[in-house]
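Read the figures in this text as sums done on the coordinates, not as results from a lab. In this text, all values refer to a predicted model and were calculated from it rather than measured experimentally. A quick note on method: Cβ atoms are made from the backbone with ideal geometry, for glycine too, and the neighbour counts reach across all protein chains shown.
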Amino acid sequence: MKRLLAAILIALFLEGSTIAAEKSNATAKYTSATFLLDAGIPVWIDADHAIVHCNKIIIIDRATLITGSFKFTKQAEVKNAENLLILKGDRALVDRYIENFGLQKRHSEAFKD
């Protein structure tokens with residue numbers, strides 16, 4: 001499931017998306033961040049927050065917002081008590097999420113393998 005998500009992120013990047021990851025990706029041996037970087041996609045690490053993995057956000061075409069605790073792993077799919085919320089058509093809300101992402105990116109560091 002993680003490789004599938006990483007492949008989807010590669011496709012989104014090719015369409016102009018920006019990718020961010022949590023701090024643990026900067027220290028682990030081989031992560032999705034490494035996979036994306038190897039594919040030529042810049043990844044940003046939020047170094048100011050120890051844990052940001054509960055903060056998952058996907059914005060599609062500046063019109064659809066997907067958020068929640070769901071981790072896009074097999075464990076999350078079959079074992080965990082996760083949630084996922086899909087919101088469509090609320091451009092003002094999507095813009096607020098994009099603005100917050102920009103604020104977080106300003107204090108993030110480019111991931112280097």
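Could you sort 85-96, 35-46, 63-74 so that the peptide with the highest average Cβ count within 10 Å comes first and the rest follow in order? Show your work: numbers first, answer last.
On the way: 85-96: 11.4, 35-46: 17.2, 63-74: 15.2.
Those peptides, ordered most packed to least, come out 35-46, 63-74, 85-96.
Checking the table 56/112; 56/88; 56/105; 74/105; 88/112 against a 24 Å threshold on Cα-Cα, which pairs fail? Please report the intermediate quantities before stating the final value.
Values: 56/112 22 Å; 56/88 16 Å; 56/105 14 Å; 74/105 28 Å; 88/112 34 Å.
As for pairs spanning more than 24 Å Cα to Cα, those are 74/105; 88/112.
Would you kindly give the portion of the calculated P(r) for the range 69-112 that falls above 14 Å, as a percent of all Cα pairs? Mind dumping the intermediate values first?
On the way: 630 of 946 pairs.
Considering the range 69-112, 67 percent of its Cα-Cα pairs are separated by more than 14 Å.
When the Karplus curve 6.51 cos²θ - 1.76 cosθ + 1.60 is applied with θ = phi - 60°, which whole-Hz ³J(HN,Hα) does each residue of the range 85-102 get, with x for Gly and Pro?
Once rounded to whole Hz, the list reads 10, 10, 10, 10, x, 9, 4, 4, 5, 4, 4, 5, 5, 5, 4, 5, 4, x.
The range 65-113: which GluC sites (Glu not before Pro) are DSSP loop and have at most 16 other beta-carbon atoms within 10 angstrom?
Values: sites: 77, 82, 99, 109; in loops: 82.
Here the sparse-neighbourhood loop sites are 82.
Considering only the other residues whose Cβ falls under 11 Å of the Cβ of residue 68, what net charge follows from Lys and Arg at +1 and Asp and Glu at -1? Walk me through the numbers before you get to the answer.
On the way: positive: 56, 71; negative: 82.
In short, +1.
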